[in-house]
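The values are calculated or read from the model by the stated rules, or taken from the named source; none is laboratory data. Everything quoted here is computed from the prediction, not taken from an experiment. As a convention, Cβ positions derive from the backbone with ideal geometry for all residues, glycine included, and neighbour counts pool all protein chains shown. Accessible surface is based on the protein model in full, side chains and every heavy atom, while ligands, DNA and RNA are left aside. Shrake-Rupley method; radii C 1.70, N 1.55, O 1.52, S 1.80 Å.
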Amino acid sequence: MKRYKDIVGDSGSNIAGQVEAQQAKLRARLASVRHVVAILSGKGGVGKSAITANLASAFALNGWKVGVLDADLNGPTMAKMLGVRGEKLVVSPEGVEPPATALGVKVMSMDLLLPSDAAPLAWDAPTQAEAHTWRGAMEAQALREFLADTRWGELDALLLDLPPGTDRLATVASLVPALAGGVVVTIPPEVSHLVVRKAITAAGQAKVPLLGLVENMAGLFPGADAAALAREAGIPFLGTVPFDAALAGACDRGEPFVALAPQSPAARALTSIAATLRAALASRVA
């Protein structure tokens, strides 16, 4: 099994000083990014990464310069979904040059560093009892390095595809000095809504503004009212994406569904959601 320190090197001594320097580097790197947006759910299996990939592509189709950071270190999928899997990272004195999609979306993912499909990450810990805390600290450091060391350049939006779990947004908020907000993704079943409610509460506790809620895979399952969930939470309801098996197929092939089938109901919904988000982000700057 591949371990994170085997990939990027052991950080050595003076941890506090190195973290402070890396955080300063991160702030400088993100100074040229207009909006950093986290895509989250708290619940796995809701198609959050597919939403992220297609929102990024929809932004790019409308002229925005976009980057995507795959913040799911243990189960990275963005390189695959955005069609850059297997491309080599180019390292220069200015940083790591991320590969870009045909639409110009820049992508950074742990998947671009792992040597094979069967090589998971493993997180060292002094004792097994400390593994959970150690893993959290190492994940935060890995994300800090990805954000600081990647040569993002000037971007209109950098989307962070968060892994499942209600605690991940707090970690990201502690790293990113000016997080524009989060987009929450759910699917119709009530079991998803139960976890998403917790994620919304966690966002409030982390003082991260939520830009809205997206319902994915509508029509595939019976379930609760996502618009009502948004109203109860006091956040905008951004829209519903109907289930379309072709969307999943496009993600498997690394093709942007919003460009591949722009007139399909799912692609039109995603394009509309992207337009709403652009307007909301523009109003925050204004």
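Summed over segment 208-238, the residues that are surrounded by fewer than 21 Cβ atoms within 10 Å (Cβ to Cβ) and assigned to a strand (DSSP E or B) give a count of 4. If you go through segment 250-286 and pick out every residue that is outside any helix (DSSP H, G or I), modelled with pLDDT of 95 or more and either of a type in the set (A, V, I, L, M) or open to solvent by less than 50 Å² (accessible area, probe 1.4 Å) (or both), you end up with 4. Where strands (runs of 3 or more DSSP E) fall entirely within segment 40-107, those with at least 1 residues that are open to solvent by 30 Å² or more (accessible area, probe 1.4 Å) and hydroxyl-bearing (S, T, Y) are at 90-92.
Conditions tested, residue by residue: (1) more than 16 Å from the chain's Cα centre (by Cα); (2) β-branched (V, I, T).
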position	(1), (2)
A157	no, no
L160	no, no
D167	no, no
V176	no, yes
G181	no, no
L194	yes, no
K198	yes, no
G212	no, no
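In segment 74-88, the residues that are among the basic types (K, R) reach residues that are surrounded by fewer than 19 Cβ atoms within 10 Å (Cβ to Cβ) with C-beta atoms within less than 8 angstrom, at least six apart or across chains, in these pairs: K80/D252; K80/G254; R85/G254. Scanning segment 205-241 for residues being touching a strand residue (DSSP E or B) at 6+ places or on another chain (Cβ under 8 Å) and over 15 Å from T276 (Cα atoms) gives a total of 12. Pull out all pairs, ordered by first then second residue, where Cβ-Cβ is under 7 Å, the residues are six or more apart or on different chains, the first lies in segment 239-260 and is touching a residue at least 40 places away in the same chain (Cβ under 8 Å) and within 16 Å of S49 (Cβ to Cβ), and the second is hydroxyl-bearing (S, T, Y) and open to solvent by 10 Å² or more (accessible area, probe 1.4 Å). From segment 239-260, the pairs are V258/T271. In segment 108-136, of all residues being part of a helix (DSSP H, G or I) and at pLDDT 90 or above, the one that is farthest from D149 (Cα to Cα) corresponds to D111. Kindly establish whether L270 is farther than 20 Å from V66 by Cα and touching a Phe, Trp or Tyr at 6+ places or on another chain (Cβ under 8 Å). The answer is no for L270. Tell me which residues, restricted to segment 150-207, are free of Cβ contacts under 8 Å to residues at least 60 places away in the same chain and open to solvent by less than 10 Å² (accessible area, probe 1.4 Å). Answer for segment 150-207, where residues must be free of Cβ contacts under 8 Å to residues at least 60 places away in the same chain and open to solvent by less than 10 Å² (accessible area, probe 1.4 Å): P188, H193.
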